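Structure first, commentary second.
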Amino acid sequence: MNTMGTRTVLAAMALAGTMWGQQKAAPMPAPDSCGVHGVAEVICGTRSPEDFEATPDGKFLIVPQFVTSPGGPGAASGLGGLYLFNPEKKSFAKLTAAAEPMKDWGDTACPGPIGDQLAPHGTSLVKRSNGAWQLYVVNHGGRQSIEMFELKKTGDSWGIAWHGCVPSTVDYNDVAALADGGFIATYPTGITAQEAAQAKGKQDKGKQPAASPFSGAPTGFLVRWVPGKGQSELPGTRSGYPNGVVATPDGKTAYFAVYGSKEARKYDLRELKTTGTVKLDFMPDNLTWTKKGNLLAAGIKGLTGECPLNSGQFCRQAFAVAYIDSGKMTAKTAFDSDKKGNLIPGVSVAFQLGKDMYIGAFEGDRIVKVAWKE
């Protein structure tokens with residue numbers, strides 16, 4: 001979801017609840033049980049499935065279980081890491097990476113394999129120029145970094161091999177891998193971090209003050225990392241909490257979600273400028289591609305019910321998914337939780353897989369499956 005972490009976001013949402021015209025929080029409702037609820041099916045057995053990528057054969061989803069807070073729900077039980085979701089069996093299996101360092105993957109400053117310290121956030125899968133499937137992962141465990149894996153076919157399933165990383169002094173939110181081995185990443189609190197450092201007369205060491213994702217004022221920006229050249233801020237991307245990001249396979253265009261101002265933007269990576277914007281009626285988190293080359297954006301509309309920190313309990317959170325025409329930059333509703341029960345808290349992603357759409361979140365124990373409609 002964002003670099004403040006699940007607990008801070010929920011606390012901020014509770015404090016900002018009046019922005020949705022709500023009164024003092026009512027007793028917290030129980031989440032819907034696992035199973036079918038009208039048009040939706042709740043599939044349990046995961047933990048904080050923050051983002052999704054489909055395997056090249058379209059048979060599985062790669063799921064980063066975003067468990068990062070020490071002492072938080074699931075943190076002590078080893079639930080963080082990358083998992084493979086099997087839609088037919090409705091099961092989740094942990095992916096264990098083989099350590100195979102490669103000099104042309106990542107930065108020479110990478111200290112070595114991340115191992116079981118991986119605490120994944122945003123992910124991106126794209127075919128490398130040499131044909132290898134590269135899976136890039138924003139990591140907050142052990143070190144702040146972009147971890148680089150190769151996705152490999154293993155019989156009827158898939159496995160991963162760690163090839164390299166790009167260490168960072170800041171915690172990114174999402175990443176869009178590029179075929180040349182580089183990437184685009186969102187840094188939601190980059191501006192506030194810089195301003196805080198300047199105010200203290202010190203250089204920014206990556207220690208980020210809390211920033212409100214609700215104000216709409218610019219708090220961060222996008223960066224581009226190029227192999228052998230390092231990273232730089234992409235001009236014209238300063239915005240109110242830039243969140244999810246994707247890039248076209250040819251590396252010419254990027255799309256990113258702006259959480260604070262409820263919009264998605266189209267960005268020309270050659271001309272270095274925004275070329276389109278679409279307004280949404282919710283706070284968009286991650287963006288994903290549909291089979292026809294358009295986009296899905298998912299996020300929270302509002303919050304009711306108190307959510308005690310570290311309780312492992314649920315809040316009722318209204319959410320929506322929008323279908324965005326990537327060319328025209330227009331949007332229509334793909335799914336809305338209104339009058340559909342208390343399906344899932346903390347919605348952060350929606351993904352088309354075959355004839356279904358799967359919805360994930362930055363908290364909770366579940367994903368939601370609904371029928372796909374283009």
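The values are calculated or read from the model by the stated rules, or taken from the named source; none is laboratory data. This structure is a prediction, so every number in the text was calculated from the model and none was measured. Ideal geometry is used to build each Cβ from the backbone, glycine not excepted, and the neighbour counts take in all protein chains shown.
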| message | Return the residues of segment 354-374 that are assigned to a strand (DSSP E or B) and either touching a His at 6+ places or on another chain (Cβ under 8 Å) or surrounded by fewer than 20 Cβ atoms within 10 Å (Cβ to Cβ) (or both); say none if nothing qualifies. | response | D356, K369, V370, A371
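Can you pull out every residue in segment 280-335 that is of a type in the set (V, I, T), at pLDDT 95 or above, crowded, with 17+ Cβ neighbours inside 10 Å and more than 19 Å from E50 (Cα to Cα)?
Matches in segment 280-335: I324 only.
Keeping to segment 40-57, report how many residues are assigned to a strand (DSSP E or B) and over 18 Å from A176 (Cβ atoms).
Matching residues across segment 40-57 total 6.
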| request: Evaluate segment 23-30: report whether one residue or more is in contact with a Lys or Arg (Cβ under 6 Å, 6 or more places away or on another chain), at pLDDT 95 or above and surrounded by fewer than 16 Cβ atoms within 10 Å (Cβ to Cβ). | output: no
| In segment 58-71, what residues are in contact with a Pro (Cβ under 7 Å, 6 or more places away or on another chain) and in a loop (DSSP other than H, G, I, E, B)? | F66
| Filter pass, W162 being surrounded by 20 or more Cβ atoms within 10 Å (Cβ to Cβ) and in a loop (DSSP other than H, G, I, E, B) | no
| request: Within segment 87-105, work out how many residues are in contact with a Ser or Thr (Cβ under 8 Å, 6 or more places away or on another chain) and under 30 Å from G182 (Cβ atoms). | output: 0
| message | Can you find a residue that is touching an Asp or Glu at 6+ places or on another chain (Cβ under 7 Å), over 17 Å from M357 (Cβ atoms), modelled with pLDDT of 95 or more and crowded, with 19+ Cβ neighbours inside 10 Å anywhere in segment 64-82? | response | yes
| request: Please find, among I344, I367, I359, the residue that is in contact with a strand residue (DSSP E or B) (Cβ under 9 Å, 6 or more places away or on another chain), at pLDDT below 95 and within 17 Å of E50 (Cα to Cα). | output: I344
| task | Identify all residues within segment 106-133 that are under 12 Å from E53 (Cβ atoms) and surrounded by 23 or more Cβ atoms within 10 Å (Cβ to Cβ); write none if there are none. | result | P120, G122, T123, S124
